[in-house]
Amino acid sequence: MALFDLKSLNSALDELQAERGISRESVVTALETALAAAYRREYGKRGQIIRATFNIETGDMEFRQAKIVVDDTLVRMEDEEPTSDDDHRSRFNPEQHIMIEDARRIKKDAELDEEISFPLETREEFGRIAAQAAKQVIMQKVREAERASIISEYGEREGQIVTGHVQRFERGNLFVDLGRATAILPYDEQIPGERYRQGERVRALLLRVDEGARGTFIRLSRSHPKFLTKLFETEVPEMASGIVEVKGIVREPGSRAKIAVVSSDEHVDPVGALVGQRGVRVAVVTSELGGEKIDVVEWSEDPSEYVKEALKPAQVLGLELFEEDGRAVVQVAEDQQSLAIGRGGQNVRLAARLTGWKIDIRSTGGEQIAGTEEGGVAVAAPTPSEEDIEKKTDVEESSDEKEVEAKADLAEKKEELEDEMDAAEPAGKEGEKKSE
């Protein structure tokens, strides 16, 4: 009687290969390991090395005992003591080892550390404990094969965009079903302000595949700058072919991004390639990122031109570089100040990160409006003009004169009141005398 229903077994193998990507060979290997473990537990002796062979077509099984070829330099006999503290030879075990002279009686060309096997009696009946141990071995091997398959498939896709569906939420983290595996989109890799519903379709960058003790973890990201690059590659054929190259990219996810590009073909405009006709291409990417504004600028080897491009959409009138300090002083018109600085200093901050230069913004009057520092963007109050100073002086003088006049009027009124009181006093005294 056959130990396995071959029809059901083959069907299960086909299902594992189709749904989980586990090859038939790996499952058969796991099955043979489990059969060997069950045989050793039920019929074997302590220390024996059992090998099993299973024919998936006929259902035939073969069991063999393996022994390793050794000599006196590899093992020591049971009655032999270690010769020194550095003697790392293992004790000879007749169930595991065979001396080389005995092995060469069986196989003439036997070598040290070679494995020689001997046939064992075939058994098809195993106890409950042995069968349970075999089941555990099979499950473990299947999990290992599945893990290896996932690492092999998704490990090759690191840095690429993957698509999945929202499975569940857990402590701010988003779990995404990719089909054969579940990935995690951590809270710090999400775009601020985005909200997801269960079952909703999600696109993200496959950041990396981590293998840990608890399994395989696929980490995704939507806030990584490379996600923006890959989105443009799907929309811009010139980028996919390598004609247009990304030289730099900075993002404040969900708010604004700047991307610097250059073309290897003088007939291809790199900025126009990314923007597209009537802004169609950049609009698609912006929509995927939840409305994040994207500034596409042209990269230049000249630092002055590069800084000017990075500050777009603001128009720069003049620029001076201080290479020792790594600082660029940029002059803009008064009506371009808000564009150059951006909301909360965002535009000048991103431009500084993109170019690697600290940028000071000055208006046409010469006063410093804003500057990028290590701690962020410092916004300076405008220096008052001479006209403003004169106006302020006139106001201060006029206020001083008014204050002096008010004090003089108050003193005159006080003197008049005192005179009236002095005049009223004698008349009051005369009236008192008459009444007496």
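A few comments on the model shown:
- FRET efficiency, residue 156 to residue 320 (Cβ-Cβ, R0 41 Å, nearest 0.05): 0.25
- Amide hydrogen neighbours beyond the local backbone of residue 208, cut-off 5 Å, H modeled: 219
- Among the GluC sites (Glu not before Pro) in region 246-312, those located in a DSSP loop and surrounded by at most 16 other Cβ atoms within 10 Å of their own Cβ are 266, 301.
- At R0 = 56 Å, FRET efficiency that the Cβ-Cβ distance of residue 245 and residue 79 yields, to 0.05: 0.15
- Along region 23-33 the Karplus relation, 6.51 cos²θ - 1.76 cosθ + 1.60 evaluated at θ = phi - 60°, assigns HN-Hα couplings of 5, 4, 4, 5, 6, 5, 4, 5, 5, 5, 5 Hz to successive residues, with x for each Gly and Pro.
- By the count of neighbouring beta-carbon atoms within 10 Å, fewest first, 258, 141 end up ordered 141, 258.
- Residue 294 long-range amide H proximity, modeled H, under 5 Å: 257
- Of the GluC sites (Glu not before Pro) found in region 48-93, those in coil by DSSP whose Cβ has at most 15 other Cβ atoms within 10 Å are 57, 78, 80.
- DSSP-loop trypsin sites (Lys or Arg not before Pro) across region 55-114, with at most 15 other Cβ within 10 angstrom: 89, 107, 108
- Cα centroids of region 278-304 and region 137-214: 28 Å apart.
- Close amide-amide hydrogen proximity is noted between residue 120 and 63, 64, 65, each under 5 Å apart and 5 or more residues distant or on a separate chain (H modeled in the peptide plane; Pro and chain starts excluded).
- Ranked list, fewest to most other Cβ atoms within 10 Å of each Cβ, for 95, 323: 323, 95
- Phi-based couplings in Hz for region 261-270 (Karplus 6.51, -1.76, 1.60; Gly and Pro marked x): 10, 9, 10, 7, 10, 5, 8, 10, 7, x
- Cα lying deepest toward the dipole's positive end in region 6-152, options 110, 37, 136, charges on Cβ: 136
- Taking 165, 97 and counting other C-beta atoms within 10 Å, the order from fewest to most: 165, 97
Each value in this text was obtained by applying a stated rule to the coordinates, not by laboratory testing. Because the structure is predicted, anything quoted here is derived from the model rather than measured. Ideal geometry is used to build each Cβ from the backbone, glycine not excepted, and the neighbour counts take in all protein chains shown.
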